[in-house]
1. Taking the simple approach of a point 7 Å from Cα along Cα-to-Cβ for both residue 218 and residue 169, what is their distance in nm?
2. In Å³ and rounded to a whole number, note down the convex hull volume per residue for the Cα atoms of the range 67-162.
3. Computed from the mean reciprocal separation of all distinct C-alpha pairs, what Kirkwood hydrodynamic radius does the chain have, in Å?
4. Any chance you could check the Cα centroid distance between the range 74-153 and the range 186-212 for me, in angstrom?
5. From the square roots a ≥ b ≥ c of the eigenvalues of the alpha-carbon gyration tensor of the range 174-232, which class results: rounded (a/c under 1.5), prolate (a/b over b/c), or oblate?
6. Write down the Kirkwood hydrodynamic radius of the range 104-222, to one decimal in angstroms, obtained as one divided by the mean of 1/r over all alpha carbon pairs.
7. Given the rule -39500 (n - 2.57) for each run of at least 4 DSSP H residues, summed and divided by the residues of the chain, what is its mean residue ellipticity at 222 nm, to the nearest 500 deg cm²/dmol?
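Taken together, the values in this text are just the output of simple stated rules run on the coordinates, not laboratory data. Model, not experiment: these values are computed from the prediction. Heads up, the Cβs are rebuilt from the backbone with ideal geometry, glycines too, and the neighbour counts pull from every protein chain shown.
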Ligand code: AP5
Ligand code: MG
């Protein structure tokens with residue numbers, strides 16, 4: 001067993017509560033993916049990013065990917081039935097048993113209703129805790145246009161705040177970094193419209209359900225992660 005695995009387990013065992021299902025909600029660029037990767041290290045549960053899963057389908061040229069590609073390129077949302085089915089398949093994997101971090105799902109009220117019903121029928125599964133991350137519009141635009149991704153290990157960089165050591169190349173595996181096709185100012189505006197129309201009501205849905213926390217996402221990454229962990233432990237105790 002690797003030492004990093006041992007350390008991870010130690011950190012996980014030191015936690016008071018099992019994380020269970022965690023939802024990371026927030027507008028494009030608030031840091032859902034960045035925070036999910038921090039929480040994976042802390043809790044040892046998987047990140048399930050519907051955006052990443054869809055981009056994987058696009059890259060592989062699956063039927064879902066062919067349908068999703070143009071929709072994502074316009075900054076609109078992929079139909080609920082397709083996304084729900086994709087999430088259902090992923091949630092069947094055994095690594096989700098102790099919990100998982102849903103990054104970017106649910107983002108419509110029908111998706112939230114689907115998830116809530118699914119969890120309600122599963123014996124012994126903790127209720128979801130939803131965390132909404134907040135960052136203002138100008139900061140989001142700067143983050144989105146400055147973002148670069150590693151296509152191999154999915155590490156997320158930013159030319160402004162989190163640059164790689166060697167310009168344009170991943171620190172982890174040396175792969176050439178890429179910019180997402182939807183990370184233009186024009187598509188960002190459309191994504192923000194979709195967020196306001198369809199996802200803001202999802203935030204209010206989970207706020208009303210009670211196990212909900214709001215965190216300020218305009219702080220150092222580790223500080224935000226510590227705030228999320230503290231909020232989840234408080235809501236689970
Ligand atoms: P998705 O991939 O989920 O995109 P998004 O919601 O627009 O969110 P992003 O991935 O752009 O941002 P993020 O919050 O993950 O931020 P990140 O951590 O990268 O979805 C893409 C598309 O897929 C959708 O438009 C839709 O078409 C489709 N889709 C996906 N899910 C769907 C669903 N459920 N239903 C229907 N359609 C769906 O950070 C951003 C940048 O900021 C990075 O460069 C990072 O380094 C930097 N950064 C992060 N944290 C900080 C910090 N604290 N300080 C400074 N910089 C920071
Ligand atoms: Mg993301």
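1. Simple spin-label model gives 3.6 nm for this pair.
2. Given the Cα convex hull of the range 67-162, per-residue volume reads 153 Å³.
3. 18.4
4. Their Cα centres are 12 Å away from one another.
5. Because a/c hits 1.5 or more and a/b fails to exceed b/c, the range 174-232 counts as oblate.
6. The answer is 16.6 Å.
7. Value at 222 nm, helices only: -15000 deg cm²/dmol.
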